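The values are calculated or read from the model by the stated rules, or taken from the named source; none is laboratory data. Bear in mind that the values here come from a model prediction, so they are computed numbers and not experimental data. Here the Cβ positions follow ideal geometry from the backbone for every residue, glycine too, while neighbour counts run over all protein chains shown.
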Amino acid sequence: MFIVHSFATKKARMRGQVAELVAETPPAQRAEWDRAIQSRLLSDAIYRRSKVIHCYLSLPDEVATERVVRSALADGKRLVVPVMAPQDRELMHVEIADYDHELVAGKWGILTPRSGVGLSVDPSEVDLFIVPGAVFDLRGYRLGRGLGYYDRCLSRVKGRAVICAAAYELQVIDDVPVEAHDVPVDYIVTEQRIIVCHNGGRISHVGATSRPPALGVEHDRPNY
């Protein structure tokens with residue numbers, strides 16, 4: 001019980017400390033980072049080669065994804081968004097075709113498909129998952145909001161789909177505490193770079209995945 005409690009306490013502290021850094025960042029600066037992250041993602045082969053994309057619908061404290069969602073629809077890709085099923089603590093995956101008319105604000109203010117809109121999609125059909133998170137490390141391990149929805153989902157698709165996280169550099173730290181059920185992402189897209197997590201985070205690049213990656217940019221990160 002002490003070990004479980006210690007893990008939970010450490011994770012909660014990390015979430016809180018990084019959340020403070022995000023909240024303290026001026027809105028104009030975050031908006032600039034959001035544009036850079038979305039541009040980097042949309043110009044990369046990770047995105048271009050994917051036909052079916054699952055993308056989270058961002059909350060105010062997360063990296064914005066509206067441009068990614070709109071671009072995917074405009075590019076003719078199948079776009080799938082997450083819907084929480086609290087009774088099962090699982091994510092449902094619903095395909096949408098119109099950002100402006102098929103989404104409404106749901107629980108916690110999260111955009112969600114209107115009732116009766118969209119088709120349920122099996123996650124095995126998805127090529128690329130774009131996921132949120134509160135804290136990440138260079139290995140790709142993430143802390144979410146602590147409810148486990150994405151952990152359960154990603155455990156079923158790891159190795160079959162590309163898992164990509166959108167994050168600010170200040171959300172990337174040296175080491176996230178890991179438990180057996182935790183699933184690392186394959187890439188982390190930040191305003192500075194794309195981190196290739198299956199290389200242990202040692203290599204990152206600023207362009208398409210089809211090009212040789214460059215050495216990662218050194219940056220300041222909070223130490224926990």
- Check off (1) modelled with pLDDT of 95 or more; (2) part of a loop (DSSP other than H, G, I, E, B) for Ser39 and give me the number that stays unchecked. (2)
- Could you name every one of the strands (runs of 3 or more DSSP E) located completely within region 43-143 that has at least 1 residues being touching a residue at least 40 places away in the same chain (Cβ under 8 Å) and under 25 Å from Thr190 (Cα atoms)? 52-55, 78-85, 90-96, 111-113, 128-131, 135-137
- Query: Is region 146-156 home to any residue that is under 25 Å from Glu90 (Cα atoms), touching a helix residue (DSSP H, G or I) at 6+ places or on another chain (Cβ under 8 Å), at pLDDT below 95 and assigned to a helix (DSSP H, G or I)?
  - Reply: yes
- Item | Members of region 148-184 that are more than 14 Å from the chain's Cα centre (by Cα), more than 16 Å from Cys197 (Cβ to Cβ) and crowded, with 19+ Cβ neighbours inside 10 Å | Leu170
- Kindly indicate which of Ala12, Ala31, Ala19, Ala23 is among the small types (Gly, Ala, Ser), within 22 Å of Ile173 (Cα to Cα), part of a helix (DSSP H, G or I) and under 16 Å from the mean Cα position of the chain (by Cα). Ala19
- Query: Would a scan of region 187-197 turn up a residue that is of a type outside the set (S, T, N, Q), in a loop (DSSP other than H, G, I, E, B) and at pLDDT 65 or above?
  - Reply: yes
- Query: Is there a residue in region 34-50 that is farther than 22 Å from Asp122 by Cα, under 18 Å from the mean Cα position of the chain (by Cα), of a type in the set (Asp, Glu) and surrounded by 16 or more Cβ atoms within 10 Å (Cβ to Cβ)?
  - Reply: yes
